[in-house]
Amino acid sequence: MAVKSNHVTIKGIKDGLVFLLDDECEYEELLGELRYKLEHSHQNILTGPIIHVDVKMGSRRITEDQKQNMLDILKQKGNLLIRSVEFPASEPEQVPVYAIMSGMVRSGQVLHHDGDLLFLGDVNPGGSILCTGDIYILGALRGMAHAGVEGNEEAIIAASHFAPTQLRIAEQISRPPDEWETRETSMEFAFLQNGAMQIDKISNIVRLRRDFNVFKGV
C-alpha cells in the first residue's frame, strides 16, 4: 500500500518502509512536506516498534548539509531507523587511458594504434608510429610520427629524445630543420597552434592539457 502526497510517497515493504522523495520540486518544499507528513499523517504507520527506513532521492543531488537536515527530520520519529539513503550514482571522473607498448620500431616498420599511445622504446629512422590520439615516446624519436591521423588537431607528439625525420598532426606536416639531423633535443613535444606545427619543452605541456593533474609540491 502507498500513501501519497505531492512530493512524498511512503511504501510499506516486507521489512520496513521506503520513502520515495520527489526529485523535481524545491528541496525546502520537500523537507516541509516530509516534516508535515511525519508529524500529522499516518500515525498508525509511523508509531510503534522500530521500523527500518530506506530513503530514495531519485535523480536529486544534495549537499551533505541538506542530507543531514533530511535525516534530522526523519530521526525525530524515534521508532524510525534509517537503513539506507539512495542517491544518484556519481559520474566517474574521466581519466585519460593510454595503451602502453614497448620495443623498437625499425626502418620500414609501421606501428598503428587506435587511441593514445605510450611507447617505451626507440623509433629509428625509416620507422613510423601512427595513432588516432596522442603519441608519447619514452625513448628516441628519430623516425616519423603521425598523431591524430583521423583529423584530431588536439593531438600531440612527445618524446624523450626529439629528432624526427617528419612529424604529422592531423593533416599538418612538418619537416624538422636540418640541424635535427645532427643533434637531439630532449623532452619536447609537438602540437598545432593556429594550424601551424609548434615545438615546446614537455614541461609546458600543461598549458595545452589543462586536464592533467599538476604536481605543485608543498
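Each reported figure results from applying straightforward, stated rules to the coordinates on display, with no laboratory input. Model, not experiment: these values are computed from the prediction. Counting neighbours? That spans all protein chains shown, and the Cβs are built from the backbone with ideal geometry, glycine included.
For this structure, a couple of remarks:
- Coarse-grained scattering of segment 66-171 at q = 0.16, 0.17 Å⁻¹, given as base-10 log I(q)/I(0) from a Debye sum over alpha-carbon atoms: -0.67, -0.74
- Separation of the Gln198 and Asn69 label points, Cα + 7 Å toward Cβ, nm: 4.7
- Cα pair distances in segment 2-86, grouped into 10 Å bins until the bin that holds the longest one, percent each: 17, 60, 23, 1
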